[in-house]
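Values quoted throughout were computed directly from the atomic coordinates according to the rules given, and no laboratory measurement underlies them. This is a predicted model, so every value here is computed, not measured. A quick note on method: Cβ atoms are made from the backbone with ideal geometry, for glycine too, and the neighbour counts reach across all protein chains shown.
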2 protein chains.
Amino acid sequence: MSVDFRNDPYTWEGLTGWKSYRMARPFRGMYWDVRRRLPYYWSDIKDGFNYRTFAGTVRIFFVNLLPALAFQLDMERNTDGYFGINEGLFASALAAVVFSLLSVQPLTVVGITGLISLFNYTVYDIAVDQGVGDIYPQLIAWVSIWAAIFHWMSAVFNWCDYMRYITDFSSNSFGLYVGIIYMIKGVEELVDQFNNGSLSGGYLSVVIALCYWATVYGLELMGSTIMFRPYIRKLLSDYAYPIATIFWTGFSHIPGRIKDTDLLRVPHTRAFYPTVDRSWLVDFWNLDVKWVFVALPMGILLTLLFYYDHNVSSLGAQAKQFPLTKPAGFHWDFFLLGCTCFIGGIIGIPLPNGLVPQAPVHTDSLTEYKDRLVTSKETDDKPDAPQLGHNKKIIVADNVAEQRVSHFLMALGLIGTMTGPLLVVLHTMPRALFCGVFFVVGWGSIEGNGIIDNAIYICKETRFVSPQEPRRSLRKSRIALYIMFQILGVGFSVAISQTIGALGFPVIIVSLIPLRWAILPRIFTEHELLVLDAPTADADVVLASMGGQPELPEVKLARQKREAQDGDGEQGDASGTSFASNASGLRSREVVGSKDEQEDAREKEQLEAQRGVEPTLRTGHA
Amino acid sequence: MSVDFRNDPYTWEGLTGWKSYRMARPFRGMYWDVRRRLPYYWSDIKDGFNYRTFAGTVRIFFVNLLPALAFQLDMERNTDGYFGINEGLFASALAAVVFSLLSVQPLTVVGITGLISLFNYTVYDIAVDQGVGDIYPQLIAWVSIWAAIFHWMSAVFNWCDYMRYITDFSSNSFGLYVGIIYMIKGVEELVDQFNNGSLSGGYLSVVIALCYWATVYGLELMGSTIMFRPYIRKLLSDYAYPIATIFWTGFSHIPGRIKDTDLLRVPHTRAFYPTVDRSWLVDFWNLDVKWVFVALPMGILLTLLFYYDHNVSSLGAQAKQFPLTKPAGFHWDFFLLGCTCFIGGIIGIPLPNGLVPQAPVHTDSLTEYKDRLVTSKETDDKPDAPQLGHNKKIIVADNVAEQRVSHFLMALGLIGTMTGPLLVVLHTMPRALFCGVFFVVGWGSIEGNGIIDNAIYICKETRFVSPQEPRRSLRKSRIALYIMFQILGVGFSVAISQTIGALGFPVIIVSLIPLRWAILPRIFTEHELLVLDAPTADADVVLASMGGQPELPEVKLARQKREAQDGDGEQGDASGTSFASNASGLRSREVVGSKDEQEDAREKEQLEAQRGVEPTLRTGHA
């Protein structure tokens, strides 16, 4: 099915009167989300029967389960045992079942994140601080109920549209923040091996964690090399997690010195029961009204967190580099998230939401990459130099197995893990592996991050940088100024996360969006922002759910300026319709004004095109 | 001074009668070695006053000292304390003073290797086995005295000439063997941290060793990137060892958990005294004549080991990729080595000889590399593809600070280290660092090894390999067969090194040379050997000391075959003079026969030229 989502009926452009008010037309986004995607439901099942879906299932199962367990251990430690392994597995399984069957975009994997762990134990710290640690179950239940209500409101009143204003400026900051939190959690978990285990067990854990990290990292890298036959390197990189997990779990059981070392392992639990002695349903009705209202602002903060976190995760799963053809549905999915918040709240499990670092992993593992041979001739600029032949491997994303099956199989796997026998298997795993998982996933979010990339670019000796690098047209001090804003945002967020004020960190992250829209265009030129920033969502298949692509403020500003300069109506086409109309992932801009400017713009576009191609292609050298 | 060493008077070609017998003309090689180099003595001092010499001194000091100490600890453990830290420092300092002042080629650094450690404790094992462990000092002294005598004989009778027959076939095998031994020693040393330390200390040692390895490796890699300004990345890579050593020594003293962990450190010793209670001079005259003659074959084996090890190390220090201008002197230097053997023997210190993995490190750190920008245009073979500009950094070896000063300063450093205060500083170092050093140095010898490179090439998907790769013209099964010979040699050597038969391993390594000259040319074609193998020494400045370059057997064979085919005198120029006459590092071959063959040969030479360039140039990508 090849549908053009460019002129989707769900739009707010050109509307006037009451029809242009989002709140006046509830359920409009949700309705179109479902209507747009429903025709694909059967193909979402049918398209799931292939090898890629299987490989994707294995990979996402491990990448979802292992950090979830790790965060769960973290939460258990910090809430004096209220949230345990079973709650974590339950939450992950619940989310996986609901979202695999009912979501519009089943590529977005929902589960336990580090931020909900942080949120939950900060609320616990506050409750203990106030001397009411015993009402924590009811309090957190009410926080969840409030959050559910605000989720539903956001979905019903079409507020997810505002996600289209998110650019790489804030989503990169968020990605870096999450990556750093993961690394910190990895180290904290390692420190815990010393505190609750033994000195030797602690050091052995450090060794295992580092080796696990190196193993997964190395195996995943295999896919981009030209070593072995294509299917061998694909197997190695597809199953990096299970290979490393089985190997290092086995390693930790080698008889002799290693076996004798006192390693902490995943605790034994009784299948299907809450960790503390309680029934699954929390008696949330037994809470003082005062505390119900204390829960309200916390619910708002949680909504703010999930609004950003879940939707950015969803954008990550549908990022530019994946050739997706099936439409997104932000409103409907956010409504569903409200439902899991509600259920999760009243049964006392940690609330699942979109996993940021893992989001692209799922889609990536479902993407069929093709190795393509590019032969080229390289000619040295010196006149007498010989012409060298070049064979290069380019990895091209050919198609994505867009389906619900991998997500659903993962759900079955999680439910399976909750049963007695598999809990015993879990118990054989050293907790050090989770530290390794934190490092792998966290580092994945840091390594390729745009902020880091810009920072590295600043440190590079420019003369060795290829001439088609668009950043060469900017002064390095300007790039430094740009990432300084991001680094400040990340720094504040990380810092506040270590304190009892951690609940406030979503405010900082979200405040980067107005900063980008209101202030940055006054500091940076249109060209600078064009090179350094881009909307995080830019495929029509994704934007359709959010009412199409907005005009960027710097473009608008530049247009207004030019219009003011040029005065009269030499160019009448500079209307408000500057939405991206090409599917290639580039922003179209209204180029008006002098010939000079037009040439300039054409050149820029060329640079952008070359740069924009890069994320899709991973190059392996001979 | 620009001297042409192509027509050096020291040659045995074209001689007849008694004049052509090497043994009939003793001292001829030594005489010419000195005569050739003596004019440079003053410049060897003068050329030492520059930054590179200083950087080289620091680097080679660490790379010499740290493994020497590590091997010393290994030897101490395995000889029940006969050889200790002071003996090791004394031996290193003695060798450094003698070779920095008196050698013809001061680039070749002489010190304690893993192989002498292996040799010494195998002799000890044999003595203990025979129930005469108490005569070990006298026995090993006599082994050394015999070795000294055979060294002198080799030098006097010009036998070092035969080093010119060493090709990459055996020197790569030896390099790999040494690299593996280093890695094994690193692991053994780590295991010892568990055996003689504590469990937690052992695991912490593993962490420190791995991190030390990664630190040095990463810092040394910095030099080939385009990060930071050139002098910053040069500083980081020049001082990788001291930076890592100071950092991780400091790390191991962090108060708290790490400081409380029971780490093994370098033992305290009293300055300038032998480790066991004895005078420096060994009473070698108090040995039963029977044992004196038992020492004789051991002395021969030791000579065989040093003949190969020292000279290959010397070739490594003067390898193809370094633009050297001052001549080598194998005969004279081997004579000197006999002297250090004699002195070392009678005072009971481990015998120093050329360090194989460290050999190129010294010259490398003395080489002034220049970053050169190469701009080129890359044109995709597809007709519509855009032309991409390419900026590439190429590192070119500009010149080498060929001098004696760095070697001499290192000697002073070693003498300084023998004094009381610095022995105390040494004591602060965790022994885990030595494991890290083993890993760095051993891995350095494995990573770039030709055998590994060929093995990787076999695993590669050929279609992505650049068309100018000469190995593309060979069948992969032939390359596999070729490296199989090498791997067998390495495998046997490593295996025998773990047994009491370890004394015999030099025989295996040395036997690779006749294998290469007598058998390989009958299995592989001239073209195959041309692509896969090359003489280890091929610069005239090096070959002059060995009587020039010999004709390779496969070339000779192919020539004889063609001559037999062609019958009469169509080509009279196919005489015996097929020595390389170009300084570019390529073997010239007598190309005779049909036009087809000539074209073929021209093409091959072109391929070789492009390939031959690679080792000199290290490329950094943007």
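Calculate how large, on average over all directions, the projected area of the Cα convex hull of the stretch B:91-148 is; give the answer in nm² to one decimal.
Average projection, Cα convex hull of the stretch B:91-148: 4.6 nm².
Under 12 Å from the 7 Å Cα→Cβ point of A:Ser473, by amide nitrogen: which residues of the stretch A:497-539?
A:526-532
With no solvent and one equal point scatterer per Cα, compute the Debye intensity ratio I(q)/I(0) for the stretch A:286-344 at 0.17, 0.28 Å⁻¹ and report its log10, rounded to two decimals.
Listed by q, the Debye log ratios stand at -0.69, -1.18.
Relative contact order for the stretch B:24-117: what percent, with Cα pairs under 8 Å and sequence separation of 6 or more?
28
Starting from the coordinates of the alpha-carbon atoms of the stretch A:199-252, obtain the Kirkwood hydrodynamic radius over all distinct pairs and give the value in Å to one decimal.
11.8
Please report the projected area of the stretch B:115-188's Cα convex hull averaged over all directions, in nm².
Averaging across all directions leaves 6.7 nm² for the Cα convex hull.
Report P(r) for the stretch A:375-461: all Cα-Cα distances, bin width 10 Å, range 0 to the bin holding the largest distance, values in whole percent.
11, 14, 28, 21, 14, 8, 3, 0
Would you calculate the volume per residue, in Å³, of the smallest convex hull containing every Cα atom of the stretch B:324-403?
Cα convex hull per residue, to the nearest whole number: 151 Å³.
Run the label-point distances for A:Arg475 please: 7 Å along Cα to Cβ, every other copy, nanometres, shortest first.
In ascending order, 6.5 nm.
Pulled fully out, how much extra length does the chain show between A:Ala455 and A:Leu101, if you take 0.36 nm times their separation in residues and subtract their Cα-Cα distance?
123.3 nm
Relative to the first principal axis of the alpha-carbon coordinates of chain B, what is the inclination of helix B:85-102, with its axis defined by its Cα atoms, in degrees from 0 to 90 and to the nearest 10?
Between helix and principal axis, roughly 40 degrees.
Considering the Cα positions of chain A, please state its Rg to one decimal place and its Dmax as a whole number of Å.
25.2, 87
Just checking the output field for B:371-380: average partner chain Cβ neighbours within 10 Å of each residue's Cβ?
Partner Cβ neighbours, averaged per residue: 6.
How many partner chain Cβ atoms sit within 10 Å of a residue's Cβ in peptide B:201-212, on average, as a whole number?
4
Treating the beta-carbon of each Lys and Arg as +1 and of each Asp and Glu as -1, no other charges, what is the dipole magnitude of the stretch B:12-73 about its Cα centre, to the nearest 20 debye?
The calculated dipole for the stretch B:12-73 is roughly 240 debye.
Given C-alpha coordinates of the stretch B:58-131, what is the ratio Rg to Rh with the Kirkwood estimate of Rh?
That ratio equals 1.05.
May I ask you to derive the relative contact order of the stretch A:360-419, considering only C-alpha pairs under 8 Å and at least 6 residues apart, and to give it as an integer percent?
Dividing the mean separation by the residue count of the stretch A:360-419 yields 35 percent.
Evaluate the relative contact order of chain A (contact order divided by residue number), counting alpha-carbon pairs under 8 angstrom at least 6 apart; express in whole percent.
Answer for chain A is 28 percent.
Given the rule -39500 (n - 2.57) for each run of at least 4 DSSP H residues, summed and divided by the residues of chain A, what is its mean residue ellipticity at 222 nm, to the nearest 500 deg cm²/dmol?
Computed ellipticity for chain A at 222 nm equals -18500 deg cm²/dmol.
Using C-alpha positions alone, give me the convex hull volume of the protein assembly as shown per residue in cubic angstrom.
203
Please report, to one decimal in angstroms, the Kirkwood hydrodynamic radius of the stretch B:50-198 built from all distinct Cα-Cα pairs.
17.7
Modelling each spin label as a point 7 Å along the Cα-to-Cβ direction, I'd like the B:Leu557/A:Glu13 distance in nm, to one decimal.
7.5
Distance between Cα centroids, the stretch B:371-424 to the stretch A:537-561: provide it in whole Å.
What the calculation gives is 48 Å, centre to centre.
So which chymotrypsin sites (Phe, Trp or Tyr not before Pro) in the stretch B:27-77 end up in coil per DSSP with only 16 or fewer other C-beta atoms within 10 Å?
Qualifying residues, ordered by number: B:Phe27, B:Phe49.
Any idea how far the Cα center of the stretch B:233-309 sits from the one of the stretch A:28-44, in Å?
Using only Cα atoms to place each centre, the spacing works out to 73 Å.
For B:Lys460, enumerate residues with amide H under 5 Å from its amide H, sequence gap 5+ or separate chain, H modeled in the peptide plane.
For B:Lys460, whose amide H was placed from the backbone, the distant partners under 5 Å are A:Phe228.
What gaps in nm, shortest first, separate B:Lys377 from its twins in the other copies when you place the label 7 Å past Cα toward the beta carbon?
1.0
Take the Cβ-Cβ distance between A:Ala518 and A:Val425 as r, set R0 to 45 Å, and report the resulting FRET efficiency rounded to the nearest 0.05.
0.25
How long is the gain from A:Ser511 to A:Ile254 if the chain were fully straight, where each residue apart is worth 0.36 nm and the alpha carbon distance is subtracted?
Separation in residues times 0.36 nm, less the Cα-Cα distance, equals 87.4 nm.
Please give me, ordered by residue number, the trypsin sites (Lys or Arg not before Pro) of the stretch B:242-340 that lie in loop per DSSP and have at most 14 other Cβ atoms within 10 Å.
B:Arg270, B:Arg278
Bin all alpha-carbon pair distances of the stretch B:119-242 at 5 Å intervals from 0 and give each bin's fraction as a whole percent.
So the P(r) values, bin by bin, are 2, 8, 9, 9, 11, 15, 14, 14, 10, 6, 3, 1, 0.
Taking the Cα-to-Cβ direction at A:His268 and at A:Ala480 and moving 7 Å from each Cα, how far apart do the two end points lie in nm?
Spacing of the two 7 Å Cα→Cβ label points: 5.9 nm.
Tell me the distances, shortest first, between A:Leu15 and the same position across the other copies, using label points 7 Å along Cα→Cβ, in nm to one decimal.
Result, one decimal in nm: 10.1.
Using label points projected 7 Å from each Cα along Cα→Cβ, tell me how many nm separate B:Ser466 and A:Met23, to one decimal.
Using points 7 Å along Cα→Cβ, the separation is 6.5 nm.
By per-residue mean of other Cβ atoms within 10 Å, what is the highest-first order of B:493-505, B:167-179, B:523-535?
Per-residue Cβ counts within 10 Å, averaged per peptide and sorted highest first, yield B:167-179, B:523-535, B:493-505.
Principal axis lengths of the stretch A:1-69 from Cα atoms, whole Å, largest first?
The principal-axis extents, from largest down, are 51, 34, 17 Å.
With just the Cα atoms defining each centre, how far is the stretch A:166-181 from the stretch B:469-512? Give it in Å.
Each part's Cα centre sits 52 Å from the other's.
Regarding the stretch A:386-541, what whole-number volume in Å³ per residue does the convex hull of its Cα atoms give?
261
Using R₀ = 45 Å, calculate the FRET efficiency as 1/(1 + (r/R₀)^6) where r is the Cβ-Cβ separation of B:Ile496 and B:Asp277; round to 0.05.
Step by step, r from the Cβ atoms, then E = 0.85.
Scan around B:Arg265 for amide H atoms under 5 Å from its own, H built in the peptide plane at 1.01 Å from N, and keep only partners 5 or more places away or cross-chain.
Amide H to amide H, under 5 Å and 5 or more residues apart or across chains, B:Arg265 pairs with B:Arg431.
In peptide A:220-228, what is the residue-averaged number of other protein chain Cβ atoms found within 10 Å of each Cβ?
2
With r defined as the distance between the Cβ atoms of B:Tyr231 and A:Glu368 and R0 fixed at 45 Å, what FRET efficiency is calculated, to the nearest 0.05?
0.45
Using only the Cα atoms of the stretch B:189-229, construct the convex hull and provide its projected area averaged over every direction, in square nanometres to one decimal.
3.4
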